[in-house]
Amino acid sequence: MIKLTTTSRRILQCLLALCFSSCSGIQNSINPAGPQADSLSRLWWLMFIVCSIVFVLVMVALLLALRKRTPHSDVTPVLEPPADQERRKRNVVISAVTITVIILFVFLIASFSAGRSMTAELANKNGLSIELNGHQWWWEVKYQDVDASNIFTTANEIHIPVGVPVTFSLRAADVIHSFWVPNLSGKKDLIPGKINTIWLQADKPGVYRGQCAEYCGLQHAKMALWVVAEPQEQFNAWRQNQTQTSMPPLSDSQKRGQQVFLSSTCVMCHAVNGTPAGSNIGPNLTHVASRNMIGAATMTNTREHLAQWIRDSQSVKPGNRMPQHNFNEADLQSLLDYLQNLK
Amino acid sequence: MSTRTIIDVSELPHHEFDTYDPVWWGNNFLLAIETSMFAILIATYFYLRQNFTLWPPPVAQLTDTLRPLPELGYGTANTILLVLSCIPMVLTDRAARRGDRHFSQIGLVIAIACGVAALVLRSFEYAAVYFRWDSNAYGSVVWFLLGMHMLHLLVLTTECVLVAIWIFTREFDMKHRVDIVTVALYWYWVVGIWLLIYAIVYFTPRFG
Amino acid sequence: MFSRLLLCALLCLFVGSCKREQRQFSQPPSAFKSYDVTMSDIHPGTPGTQQPTQNPSDQRAFDANEGKRLFTQYNCSGCHFNGGGGIGPPLMDAIWIYGDQPENIYSTIVEGRPNGMPSFRQKIPDSQVQQLVAYVRSMSGQLRKDVMPSRNDTMNARRSEQRTERKTPQQSTAPPY
Amino acid sequence: MSDERAKQPPEISTSTISDEELAEVMEREKGELERTWARPRGLHGWLIDTDHKAIALRYIVTAFVFFVLGGIEAALMRIQLARPENHFLSPDKYNQIFTVHGTTMMFLFAVPIMTAFGIYFLPLMIGARDVAFPRLNLYGYYVYLIGGILLYAGFLLNTGPDAGWFAYVPLSGPAYSPGKRVDIWAQMITFTEISALVGAVIVIGTTFKMRAPGMTLNRLPLFVWAQLVTAFMVIFAMPAVMLASSFLASDRLIDTHFFNPAEGGDAILYQHLFWFFGHPEVYIIFIPALGFISPIIITFTRRKIFGHLALVLSLISTGFIGFGLWVHHMFATPIPQMGQSFFTGASMMIAIPSGVQIFCWIATLWGGKLNFKTPLLFVLGFFAIFILGGLTGVMLASVPLDLQIHDTFFVVAHLHYVLIGGSVFPLFGAFYYWFPKWTGRMLSEWAGRLNFWLMFIGFNLVFFPMHQLGLHGMPRRVYTYLPETGWGMLNLIASIGAFILAAGVLVFIVNAVWALRVGAVAGDDPWAAESLEWAVSSPPPHYNFHNIPVVHGRYPLWQAPEDAPVVRGLSTTKRETLVTSVLDAQPELRFEIPGPSIWPLMVALATGVTFIVGIFTPWAFLVGAILAGGALTAWFFGDPNYENRPGHDTEEKSETVVPPGELQPKEV
């Protein structure tokens, strides 16, 4: 009987938790914000409810089987149980198996149709196309366009217009990563030497967090990104800005900051369009100030965090590829001025 | 007083050929393991082939041929040798079954000679493959195929040597007659697998 | 007897792996010096601080491997190619113009050398220079075998560092070209 | 089998004997038999002992030690994840720990301990005196031990593998895993593979050829069926991972290009190879556990199992289908749609045989004379947990849904529900059920119940919240997470549960130690069970059966007639057992089983040297080959029974030394 309570406890806990979870979260697969995630969560709920019922039924059957106790004195083994009883059991078992098969068929159909809905109708629409390149441990985002002047590169923050299907072609620079924004769709792997494709579409504006879902080494845990879904015109404005070259330094401090940037380690890995800095080993910083997060969505993009990141990113994200820098205070401040000006 | 029947097995033999002997079964299942290993290895060969437009990959500095196909000479010689080596093995097998010590001694010696010769030929076969194991995936998988089979040749020959030493120096007892039959089986298997590998390594690049 | 053998095996392992597997991502800020960024690439003969002969990265497989990554990343391969040399002198042979010791290579990278080797002072932090030094020495097999990098995931230019036999360094005063 | 039919069945004479006479003869033979089968003296004797029971117990103890180590690693991970941005472990350490945890539980605990049960009980259940190849058996154990020690030596020396227990390339490859960490993983795989394959061959050989007269395939116990199916799966699955790990090692050590895309290699190839083994692996762990459940249910319901045939068939079909669904671990990779659909179908299909078995067992429980002892309790726990895990498994089989929950904590929850629920709970049931047979003493009943409830509640606390964590988007294998993700609460619950679970295991250890000292004496058959192992004393004598029994049904002890015939005529001075025909178990041979020998240990050491030193220099393979060759030669030329000649001193000294001549049963 204790078993019954534990079982029911689990069911209850499960239901509660799921109901709760399904109404919040910027990185949540059952809080869909796009057609794919939506059909997925519907598939999930179907399977979850059916499976819960099956589970409860089997448990009840088990408990009913256990209710009959016999005195321990009676231990003579039963080798020939009553035939009619056995026949009844056989029928029950057979029908149970049949029901299982039917349920599996339903699941199979449901899963196929869901899979179809995820790819089919988006595949032939033409929308935005983005090339996503996974690095240890950050995301390089290249916006493709027929018009060469609209092609630009950013990192760790993907802006997409609401209601427009976005095609991602996924590549990896080093090891296997996996691109996953639960609120929008399932995950796809980024595999060296291969090109993988996934379609996304956001129906509600909002910010959705994604994270690398294939173990990729030391900082797998802190390889995240943000997808910002915004109305078309807002998106256009953003893209307009991104295609520009970097803001020229205005104040003296910013000018010095640029000098520091160009004559120290920064320039070896980072690119700032419109300056000699053109390396693409680290994230492209042309519009770094316009981003919400730094360090692959590890910290919010504030001056303090930026300073901490430049000085000693290893304390925040041990093992990441950004070395420590011990600029003196003045240089650091002017560097920060410069970077924060890169809107 | 209650009595019970006795099944008296004291007359039963200690060893018998084929399915009677657990050793026979043990040996066959080891062969089954190795067979599935080779099956997967061959699958790998064809899987990797998909990544190449030309197989084996062309080499710029080769002028006479576009594709450095593995040269047939040594491989073919080895194949012929191995196939022929089955004849003494079959005879040894028969001899062991009917308990002809002298004959099986001769047979084993010939077999060992064939084994050694095959090993020597094999060491030339690697050179017949244009690529080294560290040149590209093609080289790697071909070397691995040849190497794995060579390993079996080596084990097989050693096993023959051991059995031979025994029946030359010690008694020609049932136990070791069973061993000879088992070794013979292993021999047929090694040859059979080689025919497959030979066809795949040397001819699939040529036809198709 | 089994246990004794085991003990020996353990000891061997320990000797090998005490330094080899160390992955040190950050020095305490005190360890690296604060400097004023000079605004030009010309450094009138200010000698760089000499590194101790013993380069800690020489013991660490991770560092040697990082060095290998940085070697292509910082485009050392642009001149030295995969060590075979081209615009710059080859690094995988036994001939050393400015010395084969870690501190020589360190100052070669930091100070630069005549005939085209630029100075990377301020451009590459010490820790990474050390990793590069370790890798450069591994190209001619100067490090322990179990520390040197194995093959990379790119086109197969030459056999991996861990399979290159150790070359005995010879000094050469001849200018590269 | 055809030419077996062709051959004349060998001569077998039958006679009758009164029980008194029989008892008298047996009394006279006893001493001789004891001496023939006894373990040689001292440490040396312990090292070379080939008694399948001794070896199996060593396997079990070793594997359990690794289980505890793996558990400790799990606890460390749970501490690290208990709250966001925790600094208890560095990412470097954390990655090593979860890799070693997975590797330990899969390769050093689950597979070996299941094999060990087979090695211990097959001969006892089918009425043989030892397994088919005792020395190979010993070799298998030593190789496994070396593999385990290698992994942990590496781990303690900061050389623990850190690329995950399935070590995907390129991360585990030469370019991204410098040092020797992954090489140690690859070689450890090789060692455990060898021992698993050896174990499989032994299980099959023993089951096919060493069954007591009358134990036709039709009467084979379900435990043995499970072991047999598992052994066949091992034979076809393990070579794949052996190749995968050797490809990986050679890529890392001698520059081959199997997984280097730039030279025509392929990263997906590794995943195919690994999962072609990796998925059957799950069933290799799980099917033997099904074999534990049936005897426990039979014993504690006091009735024949419902649907014996259905159970056997579903075991076999599970074995087959198990090979048809490895790709469902790779749905996120670019795999053609067609393939995906096929593997979805197969993955769902596997639910059917599992369902059949569950239903049959429940039908057996229904109206049986239930006796709620701890083993049965654990089996009931198995039902609750495994069914839940199976249902989430069906969800994971669906391609689109899998794309959401693949590689998240949902999968972590699922696989622990299936493996702990499906294997560890039955395993603990089996501990409680068979402990008396191993030691002759009973485990405490109330401690058993405490153990069960702690484990059951603890387990669900740890792993149930992980389902939600997965749906909330928490990927697996992260060493920490940001506070704003809101995963803190559920993770904390899980971490608390981990320690309750650990407490449960601790209770078991205390219980076992206590029982060994002062546990109630069990007697031969404390549960009044049906299978043959309960016919012999607890712990069983070295020679298992004095007279090979004759089996009359699926439930030998329940169906044994008063005057069951006995098999006589096996030598008492040599280690002989009866070999019978594969299908209908007709006596065929008096097979002489090799006795203790030092050479298995030597060959194992040679193997160890080869692969461990091979990490550092390829020359090791030459040296190792020579060493192994020498040892094998000695093995081959060694007298199979050189330790067991009469007069050779053993720890047993019997008073009744009768000249062997009189002991021949013919004169009875």
query = Mind listing the Cα extents of the protein assembly as shown along all three principal axes, in Å, largest one first?
reply = 117, 74, 60
request  = Would you mind estimating how fast chain D diffuses translationally, via Stokes-Einstein at 20 °C and 1.002 mPa s with the Kirkwood radius over Cα pairs, in µm²/s?
outcome  = 81 µm²/s
query = How big, in percent, is the set of alpha carbon pairs in the stretch D:111-204 lying more than 20 Å apart?
reply = 46 percent
key: B:Phe103 paired with A:Gln232, simple spin-label distance in nm, labels 7 Å along Cα-to-beta-carbon   = 9.2 nm
ask   = the stretch A:32-191: percent of C-alpha pairs farther apart than 23 Å?
value = 61 percent
inquiry  = With bins 5 Å wide starting at 0, give me the P(r) of the stretch D:216-368 over every alpha carbon pair, in whole percents.
reply    = 2, 9, 16, 16, 15, 13, 10, 8, 5, 4, 2, 1, 0, 0
inquiry  = So if the hydrodynamic radius of the stretch B:1-157 is defined as the Kirkwood radius over C-alpha pairs, what does Stokes-Einstein give as its diffusion coefficient at 37 °C and 0.692 mPa s, in µm² per second?
reply    = 169 µm²/s
key: Environment charge at B:Ser2 (Cβ cut-off 14 Å; Lys +1, Arg +1, Asp -1, Glu -1)   = -4
Dimensionless Rg ratio for the stretch D:1-155, taking C-alpha atoms and the 2.2 N^0.38 Å reference = 1.60
Kirkwood Rh, Cα atoms: Rg over Rh of the stretch A:252-343 = 0.92
message = For A:Met299, what residues show an amide H to amide H distance below 5 Å, using hydrogens built from the backbone and excluding near sequence neighbours?
response = A:Ile294
query = Can you give the average number of partner chain beta-carbon atoms within 10 Å of each beta-carbon in peptide C:69-76, as a whole number?
reply = 3
For the stretch A:142-181, alpha-carbon Rg and Dmax in angstrom = 12.0, 33
query = Could you give the semi-axes, largest first, of the ellipsoid that matches the stretch B:9-64, computed as the square roots of 5 times the alpha carbon gyration tensor eigenvalues and rounded to whole Å?
reply = 50, 12, 5
note = Output ordering of B:163-174, A:182-193 (per-residue mean of other Cβ within 10 Å, highest first) is A:182-193, B:163-174
note = Cα extents of the stretch C:91-177 per principal axis, largest first, Å, are 31, 29, 24
query = Once Rh is set to the Kirkwood radius over Cα pairs, what Stokes-Einstein translational diffusion coefficient, in µm²/s, holds for chain A at a temperature of 37 °C and a viscosity of 0.692 mPa s?
reply = 137 µm²/s
request  = Post the alpha-carbon centroid distance, the stretch D:387-424 to the stretch A:259-291, in whole angstrom.
outcome  = 44 Å
request  = Taking every pair of Cα atoms in the stretch D:327-440, average 1/r, invert it to obtain the Kirkwood radius, and report Rg/Rh to two decimals.
outcome  = 1.10
ask   = When the Debye formula is applied to the Cα atoms of the stretch A:297-339, each taken as the same point scatterer, what base-10 log of I(q)/I(0) results at q = 0.35 Å⁻¹?
value = -1.27
Coordinate range along principal axes, alpha carbons of the stretch B:51-124, Å, largest first = 60, 22, 15
In the stretch D:20-74, trypsin sites (Lys or Arg not before Pro) in a DSSP loop with at most 13 other beta-carbon atoms within 10 Å = D:Arg41
message = So if I take the centroid of the Cα atoms in the stretch D:429-454 and the same for the stretch A:182-198, what is the distance between those two points in Å?
response = 49 Å
inquiry  = Could you tell me the ratio Rg/Rh of the stretch B:132-208? Both radii from Cα atoms, Rh via Kirkwood.
reply    = 1.17
request  = Would you mind telling me the antiparallel percentage of the DSSP bridges in the protein assembly as shown, rounded to 5?
outcome  = 70 percent
task = Normalising by the residue count of chain A, find the relative contact order in percent from Cα pairs under 8 Å and 6+ residues apart.
result = 15 percent
note = Output field shielding_mean for A:104-113 (other chain Cβ, 10 Å radius) holds 5
Lysines with Cα under 28 Å of D:Lys437, excluding same-chain neighbours fewer than 8 positions away = D:Lys30, D:Lys53, D:Lys209, D:Lys304, D:Lys369, D:Lys373, D:Lys574, D:Lys653
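Rule-based calculations on the coordinates, nothing more; no lab input. Note that the structure is a prediction, hence the values are computed from the model and not measured. All Cβ positions, even for glycine, are placed from backbone atoms using ideal geometry, and neighbour counts span all protein chains on display.
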